[in-house]
1. Between residue 19 and residues 5 or more places away or on another chain, which pairs have amide H atoms under 5 Å apart, with H built 1.01 Å from N, and which residues are they?
2. Taking the Cα centre of the chain as origin, sum charge times position over the Cβ atoms of Lys and Arg (+1) and Asp and Glu (-1), and report the length of that vector in debye to the nearest 20.
3. Would you mind computing, in nm to one decimal, how far apart the modelled labels at residue 16 and residue 52 are, each placed 7 Å from Cα along Cα→Cβ?
4. For the stretch 24-69, what does the accessible surface come to per residue with a 1.4 Å probe? Please give it in Å².
5. Which semi-axes, in whole Å and largest first, does the equivalent ellipsoid of the chain have when worked out from the alpha carbon gyration tensor as the square roots of 5 times its eigenvalues?
6. Roughly to the nearest percent, how much of the accessible area of the chain is carbon and sulfur, given a 1.4 Å probe?
7. For the ranges 52-58, 22-28, what's the packing order if you count other beta-carbon atoms within 10 Å of each residue, average per peptide, and put the highest first?
8. With an 8 Å cut-off on Cα pairs and a minimum separation of 6 or more residues, tell me the relative contact order of the stretch 5-69 in percent.
Amino acid sequence: MTQIKYYGVDTGIPISEKHVLRVKENNGQYSVVVMDMHSLTVERCDWYASVQDLNDNFMHKYDVTLVVE
């Protein structure tokens, strides 16, 4: 599993040849958007209550763990 460090800025994480994952923190909650790299269309968007919730319910699907610095 790949660990991605999150420093409190909007992070773009390539998760496949076609998709990028964007993560943004807002008041302790995390917005996650999966975008098509080429057309920039949003394919999925979710909010999570905490980093643990985000990792348990979303990031594991992409074999990525978000670590907040």
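The values are calculated or read from the model by the stated rules, or taken from the named source; none is laboratory data. Nothing here was measured: the structure is a model prediction, and the numbers come from that model. Because the Cβ atoms are built from the backbone with ideal geometry, glycine has one as well, and the counts that use them run over all protein chains shown. Just the protein is used for accessible areas: all its heavy atoms, side chains included, with ligands, DNA and RNA removed. Shrake-Rupley method; radii C 1.70, N 1.55, O 1.52, S 1.80 Å.
1. 37
2. For this selection, approximately 80 debye.
3. 3.0
4. Here the residues of the stretch 24-69 average 60 Å² of exposed surface.
5. Each semi-axis is √(5λ); the values are 18, 13, 11 Å.
6. 49
7. Going by the mean number of other Cβ atoms within 10 Å, highest first, we get 52-58, 22-28.
8. 29
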